[in-house]
Amino acid sequence: MAQILIIAEHDGATLNPATAKCVTCARALPDAAITIVVCAADASAVAAQAARLAGVERVVMLENPANAEPLAALIAPQIVALAGAFTHLFGPSTTFGKDLMPRVAALLDCAQVSNIMAVEDATHFRRPTYAGNAIVTVESRAGERLVGTVRTASFEAAGGGGAAAIESVRLDVALPTHTRFLRRAAAKADRPDLQSATRVISGGRALGSAENFKILYELADELGAAVGASRAAVDAGFAANDMQVGQTGKIIAPELYIAIGISGAIQHLTGITDARTIVAINKDAEAPIFEIADFGLVGDLFQIVPELQRLVAGSRAVKAD
Amino acid sequence: MKRILVGIKRVVDANVRIRVNPDGTGVMTDGVKMAINPFDEIALEEALRIKERGAADEVVVVSIGVAEAQQQLRTALAMGADRALHVKSDAPVEPLTAARVFLQLIAREEPFLVILGKQAIDDDNSQTGPMLAALWNRPQATFASKIELAAGTARVTREVDAGLETIEVDLPAVMTTDLRLNEPRYVKLPDIMKAKKKPLDTLTLAELGVEPRTQLKLVRFEPPSQRQKGVLVKDAAELVGELRKRGVI
């Protein structure tokens, strides 16, 4: 029987959708009994959301003023103290999980499987390597505890309707003071979140400037889409770092992905292969992005994007009548 | 001596087209161009800049791996590292073993800062930095895009999913690099000549008292499932029509 502990990702008020995807991954293990732990200063709101996820048996709240911000050096020893009989400890393969889970694994002296994309059984997992160019099946040792990060783009979010028991646990763990949170400059919250948006529009270096990204935002507003960027566009300063899609940025799986002025380096493509429909707009007909796009349009993005905006805006108005 | 330890991993060059080998035991590496893991290059560049600002005295680069990893260490010396340590291992080591090796080297070298890449572009594991910080019982600052050192502490700006986060850590600490931390310098020819005279010591895992552990067996490698190439449309109107047909807009 797999006793699985999932470490919830949240912002203090809302459970991050990545956690619901970890639940789906965990449910793929045979005889999975799933517990979610919420580390927070005040965990009640997030715990209530976690308890509603289908397939979760128990939600544990670790409340401590020191947990107000997700600092791996402080959270890891608490997770270790809670680890007890758990056979698997999972977190999302987000910057939160990538920061925290290896610290937990090392303290538990156990291995970690990063970016789990499929579960075969309690000891066999599939994960991408080499920017997604090679998928490897790994086998962990039976009877040994295992830490994993879940490639969220590979799993649907668990549904609601659950009613897990919520309990508060007090731990007697000395927490380090060597790491202190100072501040977070968050991205604008008035747009859909890149990682959970159903539609994403990304721009590449061909946009030419941060100013020119405006036309993507305008199109995104018409479609209710999030805006992403290629590494080249981020490196050039056209877009913020949290917008980067790809091997070293965000791995996403929207219903619709529109790549605009992105040539399609393999490092970018690995971030979008799970998108349901991919559209590429590029003036270079030889760009590798066209090899994987469902719909390609060769041409000048500065003409096409405003035209697209007019077309989708016009149709929405007709529907509204 | 204020010392910085930097990890250097030998990986398949980022521009090489990766192919899974026919028997599914790994990827093709014969005759393939190898390079320093790009994030490790950024780590070294940051260490060199810290030294050039006068905040460190010595930069020591470390590579764990096959004999040929010395090529990447020589490149690191040519970039400006002062000396190199090659920890020989013919088999790849898992991240936890790599972290245990670094922990032993920390005991010998007593650095005030260890800078590693946030991930290696071959395994894409993203584990060694936090694992080392845990074993060392010291702070970690992962995905760094800005490092500001002060007396006994450092302020690090981190690239996180929500944006940019700034934390303060006491030193010594482990930091891992993200792409925007710096742009690594190019190696100049005279520096390559000079690098040949810089010290490069070889150690074994046994000398460091580290027993390598294989906790994860790599059962088989497969190429990813390929997406089908779609169709070209002639203009924006046709594109919108197709997307409506699919029901995605």
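Please treat every number below as a calculation from the coordinates, not as lab data. This one's a predicted model, so the numbers in the text were calculated from it and none came from an experiment. Here Cβ is always computed from backbone atoms with ideal geometry, including for glycine, and neighbour counts include all displayed protein chains.
Please work out, to two decimal places, the log10 of the ratio I(q)/I(0) at q = 0.08, 0.11, 0.12 Å⁻¹ from a Debye calculation in which every Cα of the protein assembly as shown carries one identical scatterer. Results for the protein assembly as shown at q = 0.08, 0.11, 0.12 Å⁻¹ read -0.54, -1.04, -1.23. In this simple spin-label model, placing a label point 7 Å from the Cα along the Cα-to-Cβ direction at both B:ALA107 and A:GLU286 gives a separation of 5.7 nm. For region A:166-240, applying the loop criterion from DSSP together with a ceiling of 10 other beta carbons within 10 Å to the trypsin sites (Lys or Arg not before Pro) yields A:ARG170, A:LYS188. Pair-distance distribution of region A:2-168: all C-alpha pairs, bin width 10 Å, starting at 0; shares per bin in whole percent are 11, 44, 36, 8, 0.
Taken residue by residue and averaged, Cβ atoms of other chains lying within 10 Å of the Cβ of A:121-133 number 5. With only Cα atoms counted, region B:151-249 has Rg and Dmax values of 25.9, 68 Å. A simple charge model with +1 on the Cβ of Lys and Arg, -1 on the Cβ of Asp and Glu and nothing else charged puts the dipole of the protein assembly as shown at about 580 debye relative to its Cα centre.
Percent antiparallel among DSSP beta bridges with both residues in the protein assembly as shown, to the nearest 5?
Antiparallel bridges: around 35 percent, rounded to the nearest 5.
Ratio of Rg to Rh for region A:199-320: 0.94 [Cα atoms; Kirkwood radius as inverse mean 1/r over pairs].
State the answer as a single residue: which of B:ASN137, B:LEU105, B:GLY54 lies farthest towards the positive end of the charge dipole of chain B, with beta carbon charges of +1 for Lys and Arg and -1 for Asp and Glu, about the Cα centre. Value: B:GLY54. Legend: mean number of C-beta atoms from other chains within 10 angstrom of residue C-beta atoms, peptide B:167-179, equals 3.
Report the charge-dipole magnitude of chain A in Debye, nearest 20, computed about the Cα centre from +1 at each Lys and Arg Cβ and -1 at each Asp and Glu Cβ. It would help to have the intermediate numbers written out before the result.
On the way: 27 positive and 33 negative charges, 57 e Å.
Roughly 280 debye for chain A.
Restricting attention to region A:2-168, close to 25% of DSSP beta bridges with both partner residues there are antiparallel.
In plain terms, the chain from A:ALA174 to A:ASP109 could stretch by 21.5 nm, reckoned as 0.36 nm per residue minus the Cα-Cα distance. Calculate the FRET efficiency for B:ALA55 and A:ARG184 from the Cβ-Cβ distance with a Förster distance of 30 Å, rounded to the nearest 0.05. The formula returns an efficiency of 0.70 here. Dividing the summed -39500 (n - 2.57) terms of all DSSP H runs of n ≥ 4 by the residue count of chain A sets its mean residue ellipticity at 222 nm at -8000 deg cm²/dmol. Projecting the Cα atoms of A:ALA81, A:LEU5, A:PRO254 onto the dipole axis of the protein assembly as shown, where Lys and Arg carry +1 and Asp and Glu carry -1 at the beta carbon, places A:PRO254 farthest toward the positive end.
Dipole of the protein assembly as shown computed with +1 at Lys/Arg Cβ and -1 at Asp/Glu Cβ about the Cα centre; of A:VAL169, B:PRO22, B:VAL6, farthest Cα towards the positive end is B:VAL6.
Partner shielding of B:117-124 amounts to 5, given as the average count of beta-carbon atoms from other chains within 10 Å of each residue beta-carbon. First measure r as the distance between the Cβ atoms of B:ARG19 and B:TYR186, then evaluate 1/(1 + (r/R0)^6) with R0 = 22 Å and state the FRET efficiency to the nearest 0.05. For B:ARG19 and B:TYR186, the calculated efficiency is 0.15.
So in chain A, what percent of DSSP beta bridges are antiparallel if you round to the nearest 5?
Numbers: 10 of 58 bridges.
Bridges in chain A that DSSP calls antiparallel: roughly 15 percent.
Working from label points 7 Å from Cα in the Cα-to-Cβ sense, the B:LYS245 to B:LYS33 distance is 4.2 nm.
With the simple model of a label 7 Å out from the Cα in the direction of the Cβ, A:ARG310 to B:ASP235 spans 1.0 nm. For GluC sites (Glu not before Pro), the sites in region A:270-313 that DSSP calls loop and that have at most 13 other Cβ atoms within 10 Å are A:GLU286.
Return the Rg/Rh ratio of chain B with Cα-based radii and a Kirkwood Rh. For chain B, the value is 1.06.
Quick one: dipole size for region B:3-216, taken about the Cα centre, charges +1 on Lys/Arg Cβ and -1 on Asp/Glu Cβ, in debye to the nearest 20.
580
Using r as the Cβ-Cβ distance of B:ASP90 and A:ASP42, and R0 as 56 Å, what FRET efficiency do you calculate, to the nearest 0.05? Taking R0 as 56 Å, the efficiency between B:ASP90 and A:ASP42 is 0.60. Globularity index of region A:28-124 is 1.08 (Cα radius of gyration / 2.2 N^0.38 Å, N = number of residues).
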